[in-house]
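K.L.:
Quick one: the structure is below, and I'll ask about it shortly.
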Amino acid sequence: VDRVGLRFNGEVLGFTAAVTLASVLLFGLVPAWRAARTNLIAPLGEGGRPFAARRAGWLDRSVVVAQVAIALILVNGAGLFVGSLRNLRDIDGGFASEGRVSIELDSRGTPYESAGLGTLTDRLMTRAAQVPGVRSPALSEAAPIFGGRSLRAAIAVEGYTPDQDEPMDGWFAPVTPGFFATVGIALPRGRDFTAGDRSSGQGVAIVNQAFVHQYVRDRNPLGTVISSMEGADTTLLRIVGVAGDARYVSLREPPPPMIYVPLAQFLRGPGPARLAVLTLTVRTLGDDRAIQASLRNAVLAEAPGVRVYGPETIEASLD
């Protein structure tokens with residue numbers, strides 16, 4: 001996700017001062033120049049016709065009109081901007097924002113680029129769980145709002161016949177067990193992933209409500225089989241749970257149909273299942289800002305040389 005930095009610093013202060021100075025000069029220089037050229041004696045000889053001395057020229061009128069027009073645009077724009085921020089704050093993103101911290105690991109351009117981050121997942125989970133103040137950790141390729149990567153593949157859903165020319169692409173999200181509780185996404189039906197899914201030969205998946213609405217509708221989603229096709233390889237996934245909708249890309253965009261799969265099964269699946277980017281999200285016991293330095297140090301201790309973004313609280317990412 002693209003972030004906009006709004007922190008107050010010397011650059012912001014300098015830019016504001018420069019704009020203020022330019023505005024003063026722009027709107028004050030012309031009147032000052034005209035005042036310096038005004039003949040103060042001539043109006044006295046006009047015999048009681050002070051209006052003639054005060055008549056404004058076309059330049060004065062144009063400046064006034066421009067100032068009023070710009071002021072109206074700025075006031076209306078500011079009102080719309082504040083209203084949009086208020087509306088976005090009222091949107092339910094489908095995840096928890098308090099007591100959550102995320103940090104992104106990127107292997108591209110690092111010593112881990114060739115092998116990816118898959119071999120580090122167990123060690124990262126263990127080390128993150130040992131950080132004081134962490135209630136539960138979870139790994140995923142993408143986290144709501146914070147960012148990450150999304151995987152797409154052609155799918156077929158048991159019992160669903162697509163319309164002609166309907167695109168059948170699924171958004172896949174590899175996650176570890178406990179991801180939904182850690183991130184704060186509801187899991188109203190079925191079960192979460194477990195450690196047993198790692199060694200099980202049956203591929204499993206958890207889908208969101210948007211997926212059910214689009215592909216399953218009035219049928220019972222639990223037990224429905226999804227076929228994931230990547231090249232010549234086909235993977236069968238049986239739905240074991242239904243999660244709530246979470247907004248990943250933007251608060252403005254509706255949640256897409258998501259297919260969550262166990263991270264361990266994804267790593268041993270067909271094709272080059274290589275994790276280039278991982279997001280570690282932790283649920284905290286108290287002050288989520290206090291553990292950020294410890295969490296970063298724990299990640300770098302297990303993966304020295306990896307590129308790290310964050311840690312950052314989910315609330316800060318929303319802001």
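K.L.:
Out of the residues in the range 102-149 that are β-branched (Val, Ile, Thr) and assigned to a loop (DSSP other than H, G, I, E, B), which is nearest to Val282 (Cα to Cα)?
P.N.:
If we filter the range 102-149 for residues that are β-branched (Val, Ile, Thr), which is where we start, we get 103, 110, 119, 121, 126, 131, 134, 145.
Now narrow it down to the ones that are assigned to a loop (DSSP other than H, G, I, E, B): 110, 131, 145.
On the way: Thr110: 24, Val131: 10, Ile145: 15 Å.
The qualifying residue nearest to Val282 (Cα to Cα) is Val131.
K.L.:
Among (1) of a type in the set (Asp, Glu); (2) farther than 24 Å from Asp122 by Cβ; (3) touching a residue at least 60 places away in the same chain (Cβ under 8 Å), there is one condition Asp197 misses while meeting the rest; what is its number?
P.N.:
(2)
K.L.:
Let me ask you something else. When only residues in the range 139-163 that are modelled with pLDDT of 85 or more and of a type in the set (S, T, N, Q) count, which is least open to solvent (accessible area, probe 1.4 Å)?
P.N.:
My answer is Ser140.
K.L.:
Does Gln265 count as open to solvent by 20 Å² or more (accessible area, probe 1.4 Å), within 28 Å of Ala298 (Cα to Cα) and assigned to a helix (DSSP H, G or I)?
P.N.:
Spelling it out, Gln265 is indeed open to solvent by 20 Å² or more (accessible area, probe 1.4 Å), within 28 Å of Ala298 (Cα to Cα) and assigned to a helix (DSSP H, G or I).
K.L.:
Taking the condition of being part of a loop (DSSP other than H, G, I, E, B) and surrounded by fewer than 16 Cβ atoms within 10 Å (Cβ to Cβ), how many residues in the range 164-186 meet it?
P.N.:
Residues in the range 164-186 being part of a loop (DSSP other than H, G, I, E, B) and surrounded by fewer than 16 Cβ atoms within 10 Å (Cβ to Cβ): 5 in total.
K.L.:
Let me ask another. Restricted to the range 232-250, and to residues that are open to solvent by 30 Å² or more (accessible area, probe 1.4 Å) and among the aliphatic types (A, V, I, L, M), which residue is nearest to Leu278 (Cα to Cα)?
P.N.:
Out of the qualifying residues, it is Val249.
K.L.:
Report, by residue number, each residue of the range 91-138 that is of a type in the set (A, V, I, L, M) and open to solvent by 30 Å² or more (accessible area, probe 1.4 Å). Full working, then the answer.
P.N.:
Residues of the range 91-138 that are of a type in the set (A, V, I, L, M), as a first pass: 91, 96, 101, 103, 105, 115, 117, 120, 124-125, 128-129, 131, 134, 138.
Matches in the range 91-138: Ile91, Ala115, Met125, Ala129.
The values are calculated or read from the model by the stated rules, or taken from the named source; none is laboratory data. Being a predicted model, the structure only gives us computed values, none of them experimental. All Cβ positions, even for glycine, are placed from backbone atoms using ideal geometry, and neighbour counts span all protein chains on display. The accessibility values were calculated without ligands, DNA or RNA, using every heavy atom of the protein model including side chains. Shrake-Rupley method; radii C 1.70, N 1.55, O 1.52, S 1.80 Å.
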